[in-house]
Amino acid sequence: MPADLPPIDKAKFVAAKRAVAFIEGGMRVGLGTGSTAAWMVRCLGERVRNEGLKITGVPTSSRTAALAREEGIEVVTLDQARWLDLTIDGTDEFDADLNLIKGGGGALLQEKIVATASDQMIVIADAAKEVAHLGAFPLPIEVIGFGWQTSKALVEEMLVSLDVLGREITLRMNGDRPYITDEGNHILDLHLGRIGNARQLALALNQVPGVVENGLFIDICDRVIIGHGDGQVETRDINTGAVERERIEFAETDNLFTDLGE
Ligand code: 5RP
């Protein structure tokens, strides 16, 4: 690993490296999206090549699918795999109950379907992703293109009666055009500041016509692995309450990280 790699990237790397140690031969594994998940795919690729680990991966985006194939990981669709042993993904925020905001990378729909089709979900994150209350990170929702402005207005109206601090909603852009998801939809980012009742909000959002899915992951994540720039990793298991701390050394052979464009 290059010595000059920023601490944030070292933190993501050690979380990713610890997470792939949970993968065993024969598993069907959901592969998340984003910069932290991309490091996990690289670490998994290393295990496939070096140890001959035999696993099947189900990517949560076209970006992750391309990277996994480059890494020599066998990729299948969720419909082929049907049910998964484990999904490993990043997050934009997590709270003490391991509820999450996801979708900063625009892949929340496939990510949620894949994670809920898994026996276990492990989230990998740097320490900055931990929050006391969800909502500082804008909450993404995926909406279909038809009538998206009406869906936006309906969500705005609904938010008035819910326990949130802010109500600004922006259409995610890609340059001067709307961002388009792998499913051909748009993303609205909800600038809520603080979410009082994430469970209630998640249910309410999915009732709005045109909303396909929201980025709140409630009761889906089983473990979080938090990486630090000095190699420390903390693993928290929400089901058992167990907390483990260890340190991962950066080895010369960990030089996996060319620019992934994430
Ligand atoms: C993509 C996601 C990502 O997991 C989330 O945005 C975190 O990304 P990163 O690891 O790059 O910070 O939900 O839709």
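The values are calculated or read from the model by the stated rules, or taken from the named source; none is laboratory data. Being a predicted model, the structure only gives us computed values, none of them experimental. Ideal geometry is used to build each Cβ from the backbone, glycine not excepted, and the neighbour counts take in all protein chains shown. Note: areas computed on protein heavy atoms with side chains; ligands, DNA, RNA excluded. Shrake-Rupley method; radii C 1.70, N 1.55, O 1.52, S 1.80 Å.
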Protection-proxy order for peptides 197-205, 29-37, 172-180, 232-240, each taking the mean of Cβ atoms within 10 Å per residue, highest first: 29-37, 197-205, 232-240, 172-180
Roughly to the nearest percent, how much of the accessible area of the range 37-166 is carbon and sulfur, given a 1.4 Å probe? 52
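Calculate, for ALA117 and THR170, the FRET efficiency according to 1/(1 + (r/R0)^6) with r their C-beta to C-beta distance and R0 30 Å; round to the nearest 0.05.
My answer for the efficiency is 0.50.
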With every protein chain left in place, what is the accessible area per residue of the range 139-212 in square angstrom, probe 1.4 Å? 54
Peptide ranges 13-21, 217-225, 50-58 listed from the most packed, as the mean C-beta count within 10 angstrom indicates: 13-21, 217-225, 50-58
Project the alpha carbons of the chain onto their principal axes and report the range along each, largest first, in whole Å. 53, 36, 35
Taking the alpha-carbon set of the range 157-197, what are its Rg and Dmax in Å? 12.6, 34
Over 18 Å (Cα to Cα) among LYS12/LYS102; LYS12/LYS129; LYS10/LYS54; LYS12/LYS54 -> LYS10/LYS54; LYS12/LYS54
For an R0 of 30 angstrom, estimate the FRET efficiency from the Cβ-Cβ distance between THR56 and LEU162 and round to the nearest 0.05. 0.15
Summed side-chain charge close to GLY227 - residues other than GLY227 whose Cβ falls under 9 Å, Lys, Arg +1, Asp, Glu -1: +2
Amide hydrogen neighbours beyond the local backbone of THR33, cut-off 5 Å, H modeled: GLY90
Going highest first, how would you order 119-132, 96-109 by mean Cβ packing within 10 Å? 96-109, 119-132
Degrees between helix 148-159 axis and first principal axis of the chain (Cα, 0 to 90, nearest 10): 80
Considering only protein heavy atoms, what is the solvent-accessible area of HIS191 at a probe of 1.4 Å, reported in Å² to the nearest 10? 70
Under the Karplus relation 6.51 cos²θ - 1.76 cosθ + 1.60, θ = phi - 60°, what is the ordered set of whole-Hz ³J(HN,Hα) values for the range 133-143, x standing for Gly and Pro? 9, 5, x, 5, 7, x, 7, x, 10, 9, 10
Considering only DSSP beta bridges whose two residues both sit in the chain, what percent are antiparallel, to the nearest 5? 60
Calculate how large, on average over all directions, the projected area of the Cα convex hull of the range 58-204 is; give the answer in nm² to one decimal. 9.8
Tell me, what HN-Hα J-couplings in whole Hz come from the Karplus equation 6.51 cos²θ - 1.76 cosθ + 1.60 at θ = phi - 60° for each residue of the range 84-93, using x for Gly and Pro? 10, 6, 7, 10, 10, 8, x, 7, 8, 8
Given contacts defined as C-alpha pairs under 8 Å and at least six residues apart, what's the relative contact order of the range 51-128, whole-number percent? 32
The whole-number value in µm²/s of the Stokes-Einstein translational diffusion coefficient for the range 1-64, with Rh from the Kirkwood sum over alpha carbon pairs at 37 °C and 0.692 mPa s, is 268
Karplus-derived 3J(HN,Hα), 6.51/-1.76/1.60, for each residue of the range 68-77, Hz, glycine and proline x: 4, 5, 4, 7, x, 8, 6, 10, 10, 7
Determine the equivalent ellipsoid of the range 131-232 by diagonalising the alpha-carbon gyration tensor, then write out the semi-axes as square roots of 5 times the eigenvalues, largest first, rounded to whole Å. 25, 18, 13
